[in-house]
Structures are given as C-alpha cells and as structure tokens.
Amino acid sequence: MSPKPIIRRVMGIGLAAGLALSCGLAQAAWQLDPNQSRVTATVTEITSGGESITHDHALRRMEGQISADGTLKLPIRLNQTDVLDRLGNLPPWMSSLTNTTLVTVVTHLPPERINSLAVGQSTVEILTLRTDSNGEQRQEKLPVRFTREATDIVRARNAEPVSLDGRELMKNQTVRSILSLMGYQQIGDEVPVELNAVLVDR
C-alpha cells in the first residue's frame, strides 16, 4: 500500500477518535444535585461583652452545571441560606429579595478530569473560586476531593480543612448586611467551611 492511503487512514482514525471523545464529553453533562449539595460554615460571634459564641450555618440547594469548557457558575440566593429560618417572617421590603442572586461563584474544572475517574477512584483538584458581588470581586483557593461513587455520581468534599478570613468577609457589603440581620456585629477571624456536594451526569 502506498504511503498516501496509509496517511489518510491514520488521519481518519484520529478524526473519528477525536469526534468520539468530543461526543463523550458533550454527553457528560455534570451538574449539582440540589438535594444533596450544600456548604456548612461555623461562625464565631463576638458579643458586645467579649463573649465568643459559635453558630453553624448552611448554604443549601446548590445549583449549577459544568459547561463544555469546564466553567461552573453557582448563583447564591438568600433563600438558599438558613437566614430565613432564623429570622422568621421578613419585613415586606425584604421579602422580594429572597430569590435575588446575592453573589455568583465561578470556578473551572475540565469535565474530562471527572470523566476519567473509574468508580471508586478519587482526584484532588485545587479550585479557584471567583466571586462577584455588587462589583466587589474576590478569589479563594479550595482543595476539593472528587470521588466517583457510581457511573453517574461524583461526590465533592473538602480535601483538607479550609477556613475563610472573617475580617475579609466583614469587608464585603452583602455578607456584612446578612450577618447584621442575624445580629452579628463582630465575628471571629476564622470561619471554617465544609463542602459536601454531589455531581450527577444527566
């Protein structure tokens, strides 16, 4: 066989493999399961008398889908937090804000990193979380362990203990307003957070 047909055949096989891989990635529409995805945070309230009181809070019903380029956007709304549970009935002027996006968290994780995991396997990725709230932009690093629990289920959890800077949180106008609503005038310097989320392939 002459070289040209061989080259064409190799190129054809390569193209077919590339298309198959692309189709496989496109079909793996990984998205967060709102019923199983949450973040918990432990806030230490510093009272006016100098007493330290710890409170556990939760962000529930997290929603988002990993796009083909690996982008994951997580809009955070007031009704996803436990603020409403603690405050009870809200004043009329605030009720309309419960479904308003307070902040959007954006991160990036190539889908192929998840697709390549076999059932029972794990991988640790250092995710850069970017937030944009009323023009205030911040970045945080979060080491996350992804474990494939089934063909169509991947669990994401902290790979190590992580704490947010309480002083920086209080500088964010949106966060400070929410904490003030809950009666926190001052909080501790460290806010431990724990991620427990489930990605499903649908």
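The values are calculated or read from the model by the stated rules, or taken from the named source; none is laboratory data. Everything numeric in this text was worked out from a predicted model, so none of it was measured. Positions of Cβ are generated from backbone atoms using ideal geometry, with glycine treated the same way; all protein chains shown enter the neighbour counts. Remember, those area values only see protein heavy atoms, side chains included, never the ligands or the DNA or RNA. Shrake-Rupley method; radii C 1.70, N 1.55, O 1.52, S 1.80 Å.
Quick notes
- Distances between placed amide hydrogens fall under 5 Å for residue 81 paired with 60, all partners being 5 or more residues away or on another chain.
- For residue 130, the accessible area of its heavy atoms, probed at 1.4 Å with every protein chain present, is near 110 square angstrom.
- ³J(HN,Hα) computed for each position of the stretch 33-44 - Karplus, 6.51 cos²θ - 1.76 cosθ + 1.60, integer Hz, glycine/proline x: 8, x, 6, 10, 10, 7, 10, 10, 9, 10, 9, 9
- 17 Å reach of a label modelled at residue 185, 7 Å along Cα-to-Cβ, counting backbone N of the stretch 33-62: 44-53
- In this view, the solvent-accessible surface of residue 171, computed with a 1.4 Å probe and all protein chains in place, comes to about 130 Å².
- When 103, 191, 119 are compared by accessible surface with a 1.4 Å probe, the order from highest to lowest is 119, 103, 191.
- Using a simple spin-label model with pseudo-atoms 7 Å out from Cα toward Cβ, residue 36 and residue 126 lie 2.9 nm apart.
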